[in-house]
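I have placed the structure first, in the form of structure tokens, so that the comments after it can refer back to it.
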Amino acid sequence: MKTFLYLRKSRAEDLADSAGDTLRRHREALEETARALRLTICGVYEEVVSGEDLYARPEMLRLLRDVKNGLCEAVLCMDVDRLGRGTMSQQGVILETFKEAGVRIITPQKTYDLRDEADEDYTELQTFFARKELKLIKKRMRRGLERTAAEGGYLANAPFGYEKTREGRLPTLRAVEEEAAFVREMFAACARGESCAAIAAFLNACGAKPRRSAAFSRSAVAAILRNPVYTGEVVWNRRRFLRTGGENASCRKAENPREAWLVAPGKHPAIVSKALFSLAQKRLDAHAGPPAGKRELVNPFAGLIRCAGCGRLMQLRPRPNRPGGYLLCETRGCCRSCGFEEAAAALREALLPLLARIPASLPGEGADEERRRRLLRDAEKRLAVRRERLCELLESGVYSPERYEERLRILEEQEEKLREQLSRLSPVRSEAALALTAADALRGASPAEENRLWKLLVSEILYRREPGGFTLEVRLRVLPDL
């Protein structure tokens, strides 16, 4: 009798036992059964995968296709539930395929012919109990994972800035200082109002490498800035996975409501403070950074002026044949617009006296610049070492001239990115320059530079349109010595 051999080990079963050992033992037992029953094994299908989703099991799908095409007379497996223990509909697909093809299911304990009514009923009963057992296994596993998270253990893959370790029996994280320095810079830059795209460009210029891609992107930076693990917390049940069945099965992530999250103090060290994390969240929520890409910022109050009626950010729109443009609330019928130059002049008149009392180098700003300069200089040293190593590889004959030129071009592109980021840093200022006020720094500043300065001083500006004019309510940030 031509027989296929099917072997499956679930990832959820006996984690102390390796997949290879389990499959080897099962195969030896089934081959012994085949010899005893004088079966001819003409194909072997084996996989390490959960039996819950039929369409996520390539070997099982291949087996069903071959069974349907009449390539065997029987399938030999350890138990009926090895064929699958997912939903009733998916188990029905498996059993109906075997029944219509007239293929028997052979186990070391019993042979099932699904065309026999008694065997069919018995098989359906076994698959029912298999589904119940799977539900119990999943429930126990979930309880164990929740208990681990509640005790401060970290269960997922280690995020950028950390690596996996254990504290006693609990899985947790330890900081990787080389990466943690970049994480701190991400949060500090976001708190200063820089966009995720600009932060990603800086990290790539420094040669920082994310875990699962070649370079940092805007979305990768945003994901790090949104992750509370960097404050020393563990969050469980933050997302759920929505699966669609069928042959074109897919899975997408959805955020659970905050009240469903399990938040606990983690066993791992924090990389950033909760105050800095909270400030970064506010900046991200308000989309306070300047536009990404190569568009030039023209509104020095971008991300600051909000409509007092609906809370939306006011937009600067151009006016045909009239310079300056106007401020527009995008909520239809909310409030009338006003001329932008008129509003900007009123704001500068009100805020300039405050700027005159603020030193041009705000507390902490010099430290931020120095930290960023140090990261770039460290990257510069690493590139110099790589350039020297490249020459050694060429001289020793390991690299051909063509390979050397290719690697040198990549190195020069990295050096160009570094020079671009270094050029954006403020030059080291003399004592006379440090005596300047923020009002002095505003003279001759570009809209983007002015925007950065206003965001250090102003939290938000509420715009109201009233009969005969408009009012602007300025809300300041809490700054020392002001």
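The numbers here are math on the coordinates, done by the rules we state, and not lab data. Please read these numbers as outputs of a predicted model, since none were measured by experiment. Here the Cβ is made from the backbone with ideal geometry for all residues, glycine too, and neighbour counts use every protein chain on show.
A few remarks follow.
- Relative protection proxy for 187-198, 401-412, 205-216, from highest mean packing down: 187-198, 205-216, 401-412 (other beta-carbon atoms within 10 angstrom).
- Contact order normalised by residue count of region 151-294, Cα under 8 Å, 6+ apart, percent: 29
- Cβ crowding within 10 Å averaged over residues, with 328-334, 369-375 ranked highest first: 369-375, 328-334
- If R0 is taken as 45 Å, the Cβ-Cβ distance between Ala260 and Glu369 corresponds to a FRET efficiency of 0.60.
- Listed residue (Trp261, Ala74, Thr3) projecting farthest to the positive dipole end of the chain, Cβ model: Trp261
- Here the label points at Glu32 and Ser423, each 7 Å from Cα along the C-beta direction, are separated by 7.5 nm in the simple model.
- Extension gain from Glu473 to Arg65, taking 0.36 nm per residue of separation minus the Cα-Cα distance: 139.8 nm
- Length available on full extension from Lys2 to Lys381: 0.36 nm per residue minus the Cα-Cα distance, which gives 129.8 nm.
- For the chain, the dipole from Cβ point charges (+1 on Lys and Arg, -1 on Asp and Glu) about the Cα centre works out to 1080 debye, to the nearest 20.
- Normalised by 2.2 N^0.38 Å, with N the number of residues, the alpha-carbon radius of gyration of the chain equals 1.40.
- Extension gain for Ala118-Arg348 works out to 74.0 nm (0.36 nm per residue, less the C-alpha to C-alpha distance).
- The chain: angle of helix 19-37 to the longest principal axis, Cα-based, in degrees nearest 10: 20
- Residues Thr165 and Arg140, FRET efficiency given R0 of 22 Å [Cβ-Cβ distance, rounded to 0.05]: 0.30
- Modelled label positions at Arg240 and Arg403, each set 7 Å beyond Cα in the direction of Cβ, lie 5.3 nm from each other.
- Take each peptide in 143-152, 72-81, count the other Cβ atoms within 10 Å of every residue, and average; sorted highest first, the result is 72-81, 143-152.
- Kirkwood-Stokes translational diffusion coefficient of region 2-143, alpha-carbon pairs, 10 °C, 1.306 mPa s, µm²/s: 103
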